[in-house]
1. Output yes when any residue across region 17-39 is touching a helix residue (DSSP H, G or I) at 6+ places or on another chain (Cβ under 6 Å), farther than 15 Å from residue 90 by Cβ and outside any helix (DSSP H, G or I), and no when none is.
2. Look at region 28-54 and say how many of its residues are under 15 Å from the mean Cα position of the chain (by Cα), buried (at least 16 other Cβ atoms within 10 Å of the Cβ) and within 18 Å of residue 79 (Cα to Cα).
3. Please go through region 78-106 and give me each residue that is without any contact (Cβ under 8 Å) to a residue 12 or more places away in the chain and part of a helix (DSSP H, G or I), ordered by number.
4. Is it true that some residue in region 7-30 is modelled with pLDDT of 95 or more and near the ligand (Cβ under 9 Å from one of its atoms)?
Ligand code: HEC
């Protein structure tokens, strides 16, 4: 009986330890919905829309979740993230974070 419980706990731990592996290729597909404002590869051509290319992965994921929860308020972005699942957010963050950012010239 003890062994059976141990195996059950081990199985539950194994399942919960599985983390979704973000897929930047899937992210590229999903990012088509964002391209009109943020540019095809996250390099926006319009100052009103922030550049996303080369931004930190965890910053992007955190920010999208903040728009979703309302912790960061923006009417446009709230609508964009409303239907995103955690997998979508992870894929989008993975995609934008590996895009080449423009160097800032001084
Ligand atoms: C209709 C235009 C529009 C679309 C489409 C759009 N965004 Fe945005 N996005 C904005 C604007 C405007 C802001 C700045 C909002 C603010 O000040 O918080 C923004 C901000 C962001 C930020 C925060 C950037 C930063 O530096 O903090 C992220 C991340 C982001 N958008 C991701 C996305 C993703 C991913 C999609 C597609 C699912 C998307 N956006 C679609 C207009 C858009």
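1. Within region 17-39, the first condition is being touching a helix residue (DSSP H, G or I) at 6+ places or on another chain (Cβ under 6 Å), and the residues that meet it are 20, 22-24, 26-28, 30-31.
With farther than 15 Å from residue 90 by Cβ added as a condition, the list becomes none.
Checked against the condition, which is being touching a helix residue (DSSP H, G or I) at 6+ places or on another chain (Cβ under 6 Å), farther than 15 Å from residue 90 by Cβ and outside any helix (DSSP H, G or I), region 17-39 yields no hits at all.
2. The total comes to 5.
3. Selection gives 78, 79.
4. Within region 7-30, one or more residues are modelled with pLDDT of 95 or more and near the ligand (Cβ under 9 Å from one of its atoms).
Residue by residue, here is whether (1) buried (at least 16 other Cβ atoms within 10 Å of the Cβ); (2) more than 12 Å from the chain's Cα centre (by Cα); (3) near the ligand (Cβ under 8 Å from one of its atoms) holds:
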residue	(1), (2), (3)
66	no, no, no
73	no, yes, yes
81	yes, no, yes
97	yes, no, no
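The values are calculated or read from the model by the stated rules, or taken from the named source; none is laboratory data. Nothing here was measured: the structure is a model prediction, and the numbers come from that model. In this analysis, Cβ positions are derived from the backbone assuming ideal geometry, glycine residues included, and neighbour counts consider all displayed protein chains.
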